[in-house]
Amino acid sequence: MKVLFAYDYPESGTESVLKEVACGLREQGHEIDLLYTEGGREAGSAAKDLSLLSYDVAHFWNIRAVLPFKETIGIPFGVTIHGFVRGAEDGYFGSLQELEPDWIHCMDSFTQHRLGQQRLFATRTAQIIDIEGFTPLAAPENFTMGFTGDMKDFDGFDILTEIGVRTNIPMHGHDASLEWIPRDQMSDRFFSKISVFVSWAFGACGPVTAQEALLCGRPVLATPTETMVQVLRPGWNGEFFDGSVEDGIRQLRKIQENYQSYAENARRTTLNDPAPVIQTFVDKWEELT
C-alpha cells in the first residue's frame, strides 16, 4: 500500500510513535510518506493534491494535521488521539464528529472510553516509540530529579517542583513551551544530568520522554497512566505515585535509597513490541480498501 502519515509536531513524542510504526510498515513492503503540516496551516509541497488520490490510505497523527485536507480528501483515513489536554475534550469530540474519519486510533483505555461515550469508537493499541539514539548513560555524581513537558497544559510542574523543594533534591525541570530540546540532544542536555525522571501526566495517554529515560538507564517515578503501567515495574525500574506531593516524596525516597538497583533494571527494560501495533494498522487498511 501507498500511505501518507501526516502530523503536526516535529521532534515530539507523536513523531517518535509514528516513525516506529512507519519503520515496521516499510519493512513489510508498504510505501510510507511522512508529512509535517506546519501547525495545520498548510500542507507543503509534498501534498499539492489535497484529495490525496495518489495514496491508498492516509493516517493523521493528530487532529490539526487533518485541517489542510478536510474539505477535499478523497481516500480512507484515520486519526490518532493521544489523550486530552485539560479542558479541551469538547474540542476533540466536535472535531472528530465533523471530520468523520474512517477509523480512530488511541493508545490508552481512558481515551477510548471517553471517545466511546460520545459514540466515537476507537481502536486501541499499545504505545510504541522510536528507540534509536537512546542508550544507557553514566549516572550523575549526585542524585538529581528531572522533569519536562509543556508547563501550560498538564504536566504538574508545581507539584514536581514542590517535591524537589521538600526533599532538597536538586531539580532539572525543563519547560518545553519555552524551548524545545531536539530529540538528538536530549541525552546530552537532559538525561545525562538527572538520576530519576519524574512524570505527572494525567492529561496524556503517557509520556514518551519517560520511556526514553528508561532506555538511558534512568528509573522513572510516574503517575499511573496506562502506557507507563505497561512498561514500569514498581520496585524494579521505578515507582508509581498518586500525583500528590506527599506520595511523590515517599516513592522518590524508595528509588533514592536503592538507586543502583533501580538504575540497572531501567537499562534492562523492554518496551512494547511494535509487531501487534503495526499489524493493527494493516488490518484496518485492508478493511477500508
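The values are calculated or read from the model by the stated rules, or taken from the named source; none is laboratory data. Everything numeric here is computed off the predicted structure, so don't read it as measured data. Don't worry about glycine lacking a Cβ; one is built from the backbone with ideal geometry, like all the others, and counts go over all protein chains shown.
Taking the criterion of being touching a His at 6+ places or on another chain (Cβ under 6 Å), under 26 Å from G248 (Cβ atoms) and part of a helix (DSSP H, G or I), would at least one residue in the range 160-178 satisfy it? For the range 160-178, residues touching a His at 6+ places or on another chain (Cβ under 6 Å), under 26 Å from G248 (Cβ atoms) and part of a helix (DSSP H, G or I): absent. Residue-level check: of (1) at pLDDT below 95; (2) in contact with a helix residue (DSSP H, G or I) (Cβ under 8 Å, 6 or more places away or on another chain); (3) among the hydrophobic types (A, V, I, L, M, F, W, C), A204 misses just (2). Give the residues of the range 132-148 that are at pLDDT 95 or above and within 17 Å of the chain's Cα centre (by Cα), sorted by residue number. Passing the criteria: only F134.
Do we find that A65 is in contact (Cβ under 8 Å) with a residue 12 or more places away in the chain and in a helix (DSSP H, G or I) in this structure? Break it down stepwise before answering.
Working: in contact (Cβ under 8 Å) with a residue 12 or more places away in the chain: yes; in a helix (DSSP H, G or I): yes.
Judged against the criteria, A65 is a match.
Among the conditions (1) at positive phi; (2) touching a residue at least 12 places away in the same chain (Cβ under 8 Å), the only one that N168 does not satisfy is (2). In the range 149-172, how many residues are in contact with a helix residue (DSSP H, G or I) (Cβ under 7 Å, 6 or more places away or on another chain) and modelled with pLDDT under 90? Within the range 149-172, residues that are in contact with a helix residue (DSSP H, G or I) (Cβ under 7 Å, 6 or more places away or on another chain) and modelled with pLDDT under 90 number 1. Which ones in the range 138-153 are buried (at least 19 other Cβ atoms within 10 Å of the Cβ) and not small (G, A, S)? Within the range 138-153, M145, F147, T148 meet the criteria. Screening the candidates R41, R26 for the property of being at pLDDT 95 or above and either of a type in the set (G, A, S) or over 19 Å from the mean Cα position of the chain (by Cα) (or both) yields one hit, R26.
Count of the range 252-280 residues, restricted to those that are free of Cβ contacts under 8 Å to residues at least 40 places away in the same chain, under 17 Å from F240 (Cα atoms) and basic (K, R), is 1.
Taking the range 81-108 as the search range and keeping residues that are part of a loop (DSSP other than H, G, I, E, B) and in contact (Cβ under 8 Å) with a residue 60 or more places away in the chain, which one is surrounded by the fewest Cβ atoms within 10 Å (Cβ to Cβ)? Reasoning before the result, please.
So in the range 81-108, the residues part of a loop (DSSP other than H, G, I, E, B) come out as 82, 84-88, 100-102, 107-108.
In the following step, the residues that additionally are in contact (Cβ under 8 Å) with a residue 60 or more places away in the chain were identified as 82, 84-86, 102, 107-108.
Values: H82: 23, F84: 21, V85: 15, R86: 10, D102: 17, M107: 26, D108: 24.
Out of the qualifying residues, it is R86.
Within the range 234-267, restricting attention to residues that are outside any helix (DSSP H, G or I) and touching a Phe, Trp or Tyr at 6+ places or on another chain (Cβ under 9 Å), which residue is surrounded by the most Cβ atoms within 10 Å (Cβ to Cβ)?
At the first step, the residues of the range 234-267 found to be outside any helix (DSSP H, G or I) are 234-244, 258.
Retained after the next criterion (residues that are touching a Phe, Trp or Tyr at 6+ places or on another chain (Cβ under 9 Å)): 234-239, 241, 243.
Working: P234: 13, G235: 12, W236: 15, N237: 24, G238: 29, E239: 24, F241: 24, G243: 15.
Ranking the qualifying residues of the range 234-267, first place goes to G238.
Screening the range 187-220 for residues that are more than 22 Å from I163 (Cβ to Cβ) and within 18 Å of the chain's Cα centre (by Cα) and picking the one that is surrounded by the most Cβ atoms within 10 Å (Cβ to Cβ) gives C205.
Can we say R183 is modelled with pLDDT under 95 and within 27 Å of P274 (Cα to Cα)?
So R183 fits the description; yes.
The listed residues are A6, A58, and the only one of them that is of a type outside the set (D, E), closer than 17 Å to E286 by Cα and not in a loop (DSSP other than H, G, I, E, B) turns out to be A58. Would it be correct to say that G78 is small (G, A, S), touching a residue at least 24 places away in the same chain (Cβ under 8 Å) and in a strand (DSSP E or B)? Taking the combined requirement at face value, the residue satisfies it. Within the range 98-156, being of a type in the set (S, T, N, Q) and within 17 Å of I63 (Cβ to Cβ) holds for T111, Q112, Q118, T123.
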